[in-house]
Amino acid sequence: MRMRGSTFNRGRRFTSLSPYTQQQRQNFQQSHNILIDSRVLHQATSFLRSSTLQVRFYGSAPVERIPSFSEINSKDIGYFKSILGENNVIQDQDRLQPANTDWMHKYQGSSKLMLLPRSTEEVSHIMRYCNSRHLAIVPQGGNTGLVGGSVPVFDEVIVNMSQMNKIISFDKVSGILVCEAGCILENLESYTDNEGFVMPLDLGAKGSCQIGGNVSTNAGGLRLVRYGSLHGNVLGIEAVLADGTVMDMLGTLRKDNTGYDLKHLFIGSEGSLGIVTKVSLLTPPKLSATNVAFLACNDYLSCQKLLIEARRKLGEVLSAFEFLDSYAMNVVLNNLEGVRNPLPPAVHNFYVLIETTGSDESYDREKLETFLFRLMESGLILDGVVAQDINQVSSFWRIREGIPEALMKSGAVYKYDLSLPLEKMYDLVDEMRARLGHPVKVVGYGHLGDSNLHLNITSPKYDDDILAQIEPFVYEWTSKHRGSISAEHGIGLMKANKIYYSKSPEAVQLMVSIKKMMDPNGILNPYKVLPHSLSANN
């Protein structure tokens, strides 16, 4: 047994998955055969050649441009320059190209204008004007999303928040941080770390993603099992509505039971109800003792039992519980340089990564090792190792966080982000393998502590026949087991017409009513979140 434990200081665990430049995207696509629907690229190219095209194809569903939206003219450009200045009104195609394309290069818009506001007042002016002119808007942060929510579908105006990146205040007693929406998550992590606190959110894309986008998509990540979702950690927000109204809900109180808690409307609404401009967050104190164990299990049932035992025996220090199958391990070992199997020589059926975070190094280490030895003796764990230094910590997390990158290098990839009952979660992976057969590979991994499965399917190249076997089956299966078709990635454009698999018609209709009340002209992030047939009638 390799359970040689030692504590260590927390270091930077993850490799940031930053968006590529356009040339990098093209090179990466050609080298690694990223999933791109050829019809999407054809339509995108055609649209750039002709402004008269009013329909785009994503998968099998056509998306029609809403005819009530206006097109940008010289008078509009002049107005935006008068309030933002020349340098913050972007019309250059080279600068617009990356903003028109999601980082997976799956979705391609054709916006001819990107605005870079520097204050809430400027955002308000933009919104008021666009609303009066019926100009559609796409709010954009770091553009690291995976469902097409942060890029235009047609010629929407891009409102990029990157210039609004100031930390406004930090209370060292309460740990409450107030900042602008354009702050990059990794910068906030560094700031709070220096103050003796940690961000309750941690993502692989933290080097690029912005906190406003994180809040707007209700991003999940690796710390949710310990600190919960952003619905619990966001104390207040400031947001600008479609008509330019500034909603000041930037409270810093943990308890405020005065009427409706309206901030929750904006957390997870993906910019469809308003643009988040400021956020107040509760950050927990940084704890000194962190341990990471990388373990092998024989089957998925053992992983489930291990989670139950970890919650019972490690509950107060458990901070992450991740799992991956042998297919995920193989794809990482075969496609990422410098990654080694922590438990050589064999590749086991399943792996679990456990992290504990506490305040007493010797106590936490002894607690974890006692827990692991007991489960090793019972046969629940086949093999395992506890990281002895920060380098091993980084190498363990590199395996888990490197899976998306490794998958994109292995072929065309179809990605699904699902919440399912824990006991049923891996059944979907097994069924998809039986359904698709060779040479398609089905990979299962994710946040086991949150019942969040990342289902990834790879093939040598993109194929409409394979997609037809996956969809709608994967959504029907998820709905049948009362799961969610979007655990943490959002709905965006990809799943807007699939929302009924997770939400009742009554719930969707209420969402549509809220959208119509708050954005009667439907200018905010159109074609996203809500079914196109309903949003088009807005």
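The values are calculated or read from the model by the stated rules, or taken from the named source; none is laboratory data. Note that the structure is a prediction, hence the values are computed from the model and not measured. Cβ coordinates were reconstructed from backbone atoms using ideal geometry, including for glycine residues, and neighbour counts include every protein chain displayed. We work out accessible area using only protein heavy atoms, side chains counted, and drop any ligands, DNA or RNA first. Shrake-Rupley method; radii C 1.70, N 1.55, O 1.52, S 1.80 Å.
Taking all Cα pairs closer than 8 Å and separated by 6 or more residues, the relative contact order of region 163-260 comes to 18 percent. Taken about its Cα centre, region 262-355 carries a charge dipole of about 360 debye when Lys and Arg each add +1 at the Cβ and Asp and Glu each add -1 at the Cβ. Only lysines eight or more places from residue 166 in sequence, or on another chain, were considered; those with a Cα closer than 20 Å are 206, 278. Projecting the Cα positions of 318, 446, 303 onto the charge dipole of the chain (unit charges on Cβ atoms of Lys, Arg, Asp and Glu, taken about the Cα centre) puts 446 furthest along the positive direction. Within the same chain, lysines fewer than 8 places from residue 313 are excluded, and of the rest, those with a Cα less than 30 Å from its Cα are 286, 305, 367, 424.
Note on region 453-538: lysine pairs with Cα distance below 29 Å, sequence gap of 8 or more or different chains, count 20. Among the trypsin sites (Lys or Arg not before Pro) in region 146-225, those placed in a DSSP loop whose Cβ has at most 12 other Cβ atoms within 10 Å are 172. Seen against the Cα atoms of the chain and their longest principal axis, helix 74-84 is set at about 60 degrees. For residue 81, a cut-off of 18 angstrom between C-alpha atoms picks up these lysines, skipping any fewer than 8 places away in its own chain: 112.
Taking every protein chain into account, the accessible area of the chain amounts to 40 square angstrom per residue (probe 1.4 Å). Taking the Cα centre of the chain as origin and assigning +1 to Lys and Arg Cβ atoms and -1 to Asp and Glu Cβ atoms, the resulting dipole is close to 280 debye.
When you count the other C-beta atoms within 10 angstrom of each residue and take the mean per peptide, 277-287, 337-347, 144-154 line up highest first as 144-154, 277-287, 337-347.
The alpha-carbon atoms of region 129-183, seen along their principal axes, cover 47, 30, 16 angstrom, with the largest extent given first.
For the chain, the carbon plus sulfur part of the accessible surface works out to 49%, probe radius 1.4 Å.
Look at the alpha carbon pairs under 8 Å that are at least 6 residues apart: their mean separation over the length of the chain gives a relative contact order of 18 percent. In the chain, the longest principal axis of the Cα atoms and the axis of helix 425-436 are about 80 degrees apart. Using heavy atoms of the protein chains and a probe of 1.4 Å, the accessible area assigned to residue 363 is about 110 Å².
Could you tell me the relative contact order of region 420-462? Use alpha-carbon pairs under 8 Å, at least six residues apart, and round to a whole percent. Answer for region 420-462 is 38 percent.
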